[in-house]
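Here's the structure, in structure tokens; my notes come after.
The values are calculated or read from the model by the stated rules, or taken from the named source; none is laboratory data. All of these numbers come straight from a predicted model, not from anything done at the bench. Because the Cβ atoms are built from the backbone with ideal geometry, glycine has one as well, and the counts that use them run over all protein chains shown.
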């Protein structure tokens with residue numbers, strides 16, 4: 001093993017960003033004898049990177065200047081600009097930690113592994129640098145002394161900027177089993193590094209069990225079950241990067257969606273994929289999956305649970321049918337003094353015809369309206385054209401057509417059609433349903449009153465994340481009437497055509513003035529001779545230049561090539577139904593932990609959750625090693641997990657802590673002030689701090705801490721990169737902090753719908769320090785801290 005000059009970080013970010021993480025006083029060390037040789041090789045790699053970046057920048061500049069004479073040329077130019085822009089971005093991202101290591105192969109010599117692939121001068125030999133996602137790089141992450149995979153030595157190369165500062169070697173020829181960790185020295189140094197409030201990539205320290213999941217094929221739903229600190233999120237994001245590398249063409253066309261639990265979480269992970277050179281991924285919360293809607297309303301867990309049931313599909317279907325009204329008795333319309341009667345049987349016949357024409361409410365409505373108008377027009381014609389002597393009707397076909405148009409244009413007729421079969425948006429359908437107890441009752445036969453009342457709310461109430469799957473389901477039942485959209489498109493086409501014709505007319509007029517000799521004029525071609533108005537208008541048609549992610553975000557019918565779901569245990573059945581609709585191939589990665597489920601609508605068993613949506617097209621992988629949480633903290637959390645009765649097993653921690661977790665009982669009146677004292681003391685240390693509290697104490701505690709410490713934030717928008725955060729267990733999911741203070745653990749147990757799971761989440765967010773402050777006796781589950 002080579003002697004280390006500085007600790008190795010977990011992230012492959014430019015280490016200059018974190019020089020403060022390095023102790024100012026280092027023990028005297030002896031440099032690795034190969035460090036100069038590796039420095040020279042790394043220098044050459046950066047030279048190749050610079051050359052590739054310069055070439056991409058040059059090609060981008062060229063593409064931007066290309067003329068676009070028609071829509072196809074414009075589309076080709078924009079595609080090239082997007083490609084070269086993404087190439088420049090990927091090469092820029094590779095600057096930090098370009099080379100992560102090498103493997104010395106028994107037969108083929110050394111192979112260097114990095115963030116991207118770089119070609120060597122010898123086209124027939126090995127690349128100068130192999131992309132970490134390439135099959136050839138896999139032994140770097142999976143070779144062991146027992147299964148060396150043809151590798152004699154694995155070397156981790158640590159850089160700061162473009163300077164090699166540390167080499168860690170693992171000899172794999174002994175055949176003796178070790179701890180099972182890949183690059184243990186690099187990993188342990190990384191785990192002890194202070195956090196910054198932003199997740200970073202783990203290319204340098206991917207472990208064998210993580211690599212197996214990252215490289216798994218993309219068929220069906222891959223469920224990754226893993227406890228706290230097992231790297232579920234990192235694995236999911238690196239799997240996304242791997243799939244984009246392996247299936248570039250398909251996923252570049254269809255896109256990849258990452259769904260996270262909270263805005264804080266999405267902000268926390270936002271830098272990972274760009275740091276891996278992947279910028280075309282859409283990150284979204286459930287509440288933002290409907291274009292144009294940002295659903296962040298808050299509602300009771302019981303309400304969200306009801307909305308998340310699959311039976312809501314039947315409720316919505318009944319709610320739509322309820323809007324297709326048959327009047328109790330005849331309805332009378334007066335047109336030009338003639339009273340026309342519409343009977344209930346007429347309405348039923350029109351409804352039946354409409355439903356045969358189309359199963360979707362809005363798309364069937366034109367047929368319903370046509371039938372109603374036909375019925376009324378027929379009666380109008382019978383009245384107005386009747387022969388008083390009892391003969392045949394005096395009106396001819398043109399007369400009847402004119403009467404039909406009069407009926408169709410009549411305001412009262414249009415109002416009647418709207419009353420009996422209204423055009424509905426999903427938003428209108430749900431607002432009308434929620435606001436009217438009578439509508440709720442008609443749509444929920446068999447429900448008890450206590451459950452029905454959970455759906456009732458004011459029409460002005462904000463949309464919540466649980467509403468989004470229902471709005472999308474309603475859209476599927478209603479259908480989208482695009483007649484207005486098509487009419488706008490036709491008006492735009494006619495406008496462009498008129499403008500093009502006007503341009504050609506002006507050009508032709510100018511030629512006539514300039515060429516007075518009619519013989520000369522006949523020999524000279526004009527623009528109008530070469531191109532017609534239709535073609536000219538087409539050339540000026542707007543071309544969509546948005547990225548795949550931007551187009552997908554704006555299109556509710558977009559289907560993705562792959563979907564990654566984090567904290568998947570929290571999704572309701574209706575949320576799963578929505579995601580499967582957005583990914584009909586069922587190519588998905590779902591990462592989560594059933595022991596951390598905190599919602600009533602969430603999962604208790606993966607099979608029970610997934611099989612209604614994908615049948616048997618799913619498989620389970622497990623992560624069993626906790627890389628984040630020190631063993632002493634995990635022992636405390638394990639007691640809470642056991643008390644919760646889930647039967648789950650806590651993951652095994654790979655490292656001991658440097659500080660002992662503690663608990664303190666303090667009076668309720670002094671609690672907030674004591675929290676502020678602890679946080680103020682912790683901020684003297686490097687790293688991030690979180691105060692995890694029950695929802696009822698967020699405002700009180702945040703205000704107290706803010707009086708003592710700068711940069712405090714709380715709630716769904718909390719940002720630990722700016723300072724300490726005060727958050728609930730739900731808001732803490734998926735996040736990690738150097739120091740965590742859990743406040744009022746008994747209230748956490750009591751307030752949560754799955755209180756033990758919430759406390760388990762709160763206790764396992766820490767990488768270094770854990771404290772517990774309680775305004776009353778500690779819960780029995782925390783007896784280890786007493």
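Answer with yes or no whether residue 732 is buried (at least 22 other Cβ atoms within 10 Å of the Cβ) and under 30 Å from residue 235 (Cβ atoms). Please lay out each step first, then the result.
Details: buried (at least 22 other Cβ atoms within 10 Å of the Cβ): yes; under 30 Å from residue 235 (Cβ atoms): yes.
So residue 732 passes the test.
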(message) Looking only at the stretch 585-596, filter to residues that are touching a helix residue (DSSP H, G or I) at 6+ places or on another chain (Cβ under 7 Å) and surrounded by fewer than 23 Cβ atoms within 10 Å (Cβ to Cβ); which one of those is nearest to residue 238 (Cα to Cα)?
(response) 586
(request) Look at residue 638 and say whether it is crowded, with 18+ Cβ neighbours inside 10 Å, in the same structural domain as residue 751 (by the TED database) and closer than 22 Å to residue 225 by Cβ. (result) yes
(message) I'd like to know if the stretch 255-265 contains one or more residues that are free of Cβ contacts under 8 Å to residues at least 24 places away in the same chain, assigned by the TED database to the domain that holds residue 564 and out of contact with any helix residue (DSSP H, G or I) (no Cβ under 6 Å at 6 or more places or on another chain).
(response) no
(request) Could you check how many residues of the stretch 218-273 are under 26 Å from residue 131 (Cβ atoms) and part of a loop (DSSP other than H, G, I, E, B)? (result) 9
(request) Could you grab the pairs with beta carbons closer than 7 Å, sequence gap of 6+ or different chains, first residue in the stretch 647-661 and in contact (Cβ under 8 Å) with a residue 40 or more places away in the chain, second one in a loop (DSSP other than H, G, I, E, B) and surrounded by fewer than 21 Cβ atoms within 10 Å (Cβ to Cβ)? (result) 651/624; 654/181
(request) Please work out which one of (1) touching a strand residue (DSSP E or B) at 6+ places or on another chain (Cβ under 8 Å); (2) surrounded by fewer than 15 Cβ atoms within 10 Å (Cβ to Cβ) is the condition residue 649 fails and give its number. (result) (1)
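At least 2 residues that are surrounded by fewer than 19 Cβ atoms within 10 Å (Cβ to Cβ), touching a strand residue (DSSP E or B) at 6+ places or on another chain (Cβ under 7 Å) and touching a residue at least 24 places away in the same chain (Cβ under 8 Å) in each: list the helices (runs of 4 or more DSSP H) lying fully within the stretch 297-414 that qualify.
Values: elements: 301-307, 312-322, 344-357, 361-384, 397-409.
Qualifying helices (runs of 4 or more DSSP H): 361-384.
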(request) Collect the residues in the stretch 415-432 that are surrounded by fewer than 17 Cβ atoms within 10 Å (Cβ to Cβ) and touching a helix residue (DSSP H, G or I) at 6+ places or on another chain (Cβ under 7 Å), keeping them in residue-number order. (result) 423, 427, 432
(request) Please indicate, with yes or no, whether at least one residue in the stretch 563-584 is farther than 21 Å from residue 465 by Cα and either at pLDDT below 95 or surrounded by 22 or more Cβ atoms within 10 Å (Cβ to Cβ) (or both). (result) no
(request) Mind listing whichever residues of the stretch 270-290 are surrounded by fewer than 21 Cβ atoms within 10 Å (Cβ to Cβ), touching a helix residue (DSSP H, G or I) at 6+ places or on another chain (Cβ under 7 Å) and at pLDDT below 95? (result) 274, 277, 279, 280
(request) Pick out the one residue from 715, 681, 771, 687 that is more than 20 Å from residue 631 (Cβ to Cβ) and touching a residue at least 12 places away in the same chain (Cβ under 8 Å). (result) 715
(message) Return the residues of the stretch 736-765 that are part of a strand (DSSP E or B) and farther than 19 Å from residue 597 by Cα; say none if nothing qualifies.
(response) 737, 738, 739, 740, 741, 743
(message) As an exercise: evaluate residue 696 against (1) out of contact with any strand residue (DSSP E or B) (no Cβ under 7 Å at 6 or more places or on another chain); (2) surrounded by 19 or more Cβ atoms within 10 Å (Cβ to Cβ) and give the number of the one condition it does not meet.
(response) (2)
